[in-house]
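**Q** Have a look at this one.
The values are calculated or read from the model by the stated rules, or taken from the named source; none is laboratory data. Keep in mind the model is a prediction, meaning the values are calculated, not measured. Virtual Cβ from ideal backbone geometry, glycine too; neighbours counted across all protein chains shown. Just so you know, the surface numbers come from the protein's heavy atoms only, side chains and all, with ligands and any DNA or RNA stripped out. Shrake-Rupley method; radii C 1.70, N 1.55, O 1.52, S 1.80 Å.
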Amino acid sequence: MLSKRLKAVADMVTEGNIAADIGTDHGYVPIYLIKNNISKKAYALDINEGPLKMAAKNIRLEGLSDKITTVLSDGMEQMKDNMAESVIIAGMGGDLIVDILSRGSRIKGIKELVLSPHKRIDLVRKFLSQNCWEIIKEDMVMDGGKYYTIIKAVKGQNTEYTDVELLYGKYLLETKNQVLKQYLKKENEKFSKILNTMKESGNVNDFQIKEVLKMNQKGRAYYD
């Protein structure tokens with residue numbers, strides 16, 4: 001039922017924790033958590049009634065209505081103190097994830113975050129580093145021809161990261177993640193071609209492309 005990406009997300013949740021899946025869509029992640037004895041109870045939250053009704057239907061079909069509660073909520077707004085220990089947010093842009101986390105910062109009892117932004121991951125890492133969330137693990141998977149990063153963070157201290165660590169992930173770089181290595185290789189090839197095309201056309205406005213390639217080179221240096 002779960003895609004490779006969502007399984008990687010769900011498997012990041014600490015066993016025994018009550019989980020809240022923000023933007024649950026069809027409720028697949030909470031269902032997986034309960035069925036695989038990762039969580040004893042879970043919440044499926046979504047801002048839209050349609051997906052939430054579908055999630056509720058899927059939960060009923062699995063016979064898990066007593067263990068998974070659906071909640072109509074804009075981000076984490078309907079969460080209560082000590083409602084969940086693990087918060088999952090996947091499949092959104094980094095800017096939206098940061099907004100949801102900022103608005104939910106009042107909620108007590110959250111011990112860990114499992115996040116999978118589909119773009120602007122650097123914004124998420126920067127937010128975590130400045131708001132006492134320590135990134136303790138990251139993973140990167142390829143699913144459906146696309147690359148996805150999953151971040152696990154726990155309450156800790158503010159952390160300083162370099163620009164390349166914000167962009168690609170300190171954990172992934174230091175552990176020499178092989179999927180990231182593949183991503184960096186493809187990124188380098190892609191933007192090198194773009195830069196060559198721009199040069200051939202006489203386009204001198206290539207600063208951003210050169211910056212991407214510069215950061216990419218710094219990332220690939222971890223694998224040398």
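**Q** Can you tell me which of (1) within 14 Å of Thr24 (Cβ to Cβ); (2) open to solvent by 20 Å² or more (accessible area, probe 1.4 Å) is the one Asn82 doesn't meet?
**A** Condition not satisfied by Asn82: (1).
**Q** Out of the residues in region 136-165 that are free of Cβ contacts under 8 Å to residues at least 60 places away in the same chain and in a loop (DSSP other than H, G, I, E, B), state the one that is nearest to Gly91 (Cα to Cα).
**A** Checked region 136-165; the qualifying residue nearest to Gly91 (Cα to Cα) is Gly145.
**Q** From the list Lys119, Lys67, Lys111, exactly one residue is basic (Lys, Arg), within 19 Å of Thr14 (Cβ to Cβ) and touching a helix residue (DSSP H, G or I) at 6+ places or on another chain (Cβ under 7 Å). Which is it? Can you show your working first?
**A** Numbers: Lys119 fails: within 19 Å of Thr14 (Cβ to Cβ); Lys111 fails: touching a helix residue (DSSP H, G or I) at 6+ places or on another chain (Cβ under 7 Å).
Sole residue among the options that is basic (Lys, Arg), within 19 Å of Thr14 (Cβ to Cβ) and touching a helix residue (DSSP H, G or I) at 6+ places or on another chain (Cβ under 7 Å): Lys67.
**Q** Take the residues in region 185-224 that are within 19 Å of Asp163 (Cβ to Cβ), among the charged types (D, E, K, R) and in a helix (DSSP H, G or I); name whichever of them is farthest from the chain's Cα centre (by Cα).
**A** Lys210
**Q** Does region 102-129 hold any residues that are open to solvent by less than 50 Å² (accessible area, probe 1.4 Å) and either in a loop (DSSP other than H, G, I, E, B) or on the phi > 0 side of the Ramachandran plot (or both), and which are they? Show your work before the answer.
**A** First, the residues of region 102-129 that are open to solvent by less than 50 Å² (accessible area, probe 1.4 Å): 104, 107, 109-110, 112-117, 121-122, 124-125, 127-129.
Correct list: Gly104, Ile107, Gly109, Ile110, Pro117.
**Q** In addition: Yes or no: Lys181 among the basic types (Lys, Arg), out of contact with any Asp or Glu (no Cβ under 8 Å at 6 or more places or on another chain) and in a helix (DSSP H, G or I)? Lay out the reasoning, then the answer.
**A** Values: among the basic types (Lys, Arg): yes; out of contact with any Asp or Glu (no Cβ under 8 Å at 6 or more places or on another chain): yes; in a helix (DSSP H, G or I): yes.
The answer is yes for Lys181.
**Q** List every residue pair whose Cβ atoms lie under 7 Å apart, where the two residues are 6 or more positions apart in sequence or sit on different chains, the first residue falls within region 170-184 and is open to solvent by less than 70 Å² (accessible area, probe 1.4 Å), and the second residue, located anywhere, is among the small types (Gly, Ala, Ser).
**A** Correct list of pairs: Leu173/Gly219; Leu184/Gly219.
**Q** Look through region 55-101, keep the residues that are in a strand (DSSP E or B) and under 27 Å from Tyr168 (Cα atoms), and return whichever of them is farthest from the chain's Cα centre (by Cα). First the steps, then the outcome.
**A** The first filter runs over region 55-101 and keeps only residues in a strand (DSSP E or B), leaving 68-72, 86-90, 93.
Next, from what is left, pick out any that are under 27 Å from Tyr168 (Cα atoms): 86-90, 93.
Details: Ser86: 13, Val87: 11, Ile88: 8, Ile89: 6, Ala90: 5, Gly93: 9 Å.
Looking at the filtered set, the residue picked out is Ser86.
**Q** Criterion first (without any contact (Cβ under 8 Å) to a residue 12 or more places away in the chain, open to solvent by less than 70 Å² (accessible area, probe 1.4 Å) and closer than 25 Å to Arg5 by Cα) does Gly219 satisfy it?
**A** Values: without any contact (Cβ under 8 Å) to a residue 12 or more places away in the chain: no; open to solvent by less than 70 Å² (accessible area, probe 1.4 Å): yes; closer than 25 Å to Arg5 by Cα: yes.
No, not satisfied.
**Q** Continuing with this model, one more query. Out of the residues in region 16-61 meeting the condition of being of a type in the set (Asp, Glu) and touching a residue at least 24 places away in the same chain (Cβ under 8 Å), tell me which one is most open to solvent (accessible area, probe 1.4 Å). Explain how you work it out, then say what you get.
**A** Within region 16-61, the subset of a type in the set (Asp, Glu) is 21, 25, 46, 49.
With the extra rule that they be touching a residue at least 24 places away in the same chain (Cβ under 8 Å), the set shrinks to 21, 25, 46.
Details: Asp21: 10, Asp25: 72, Asp46: 14 Å².
Ranking the qualifying residues of region 16-61, first place goes to Asp25.
**Q** Does Lys176 count as within 28 Å of Glu160 (Cβ to Cβ), in a loop (DSSP other than H, G, I, E, B) and either under 25 Å from the mean Cα position of the chain (by Cα) or of a type outside the set (S, T, N, Q) (or both)?
**A** Working: within 28 Å of Glu160 (Cβ to Cβ): yes; in a loop (DSSP other than H, G, I, E, B): yes; either under 25 Å from the mean Cα position of the chain (by Cα) or of a type outside the set (S, T, N, Q) (or both): yes.
Against the criterion (within 28 Å of Glu160 (Cβ to Cβ), in a loop (DSSP other than H, G, I, E, B) and either under 25 Å from the mean Cα position of the chain (by Cα) or of a type outside the set (S, T, N, Q) (or both)), Lys176 qualifies.
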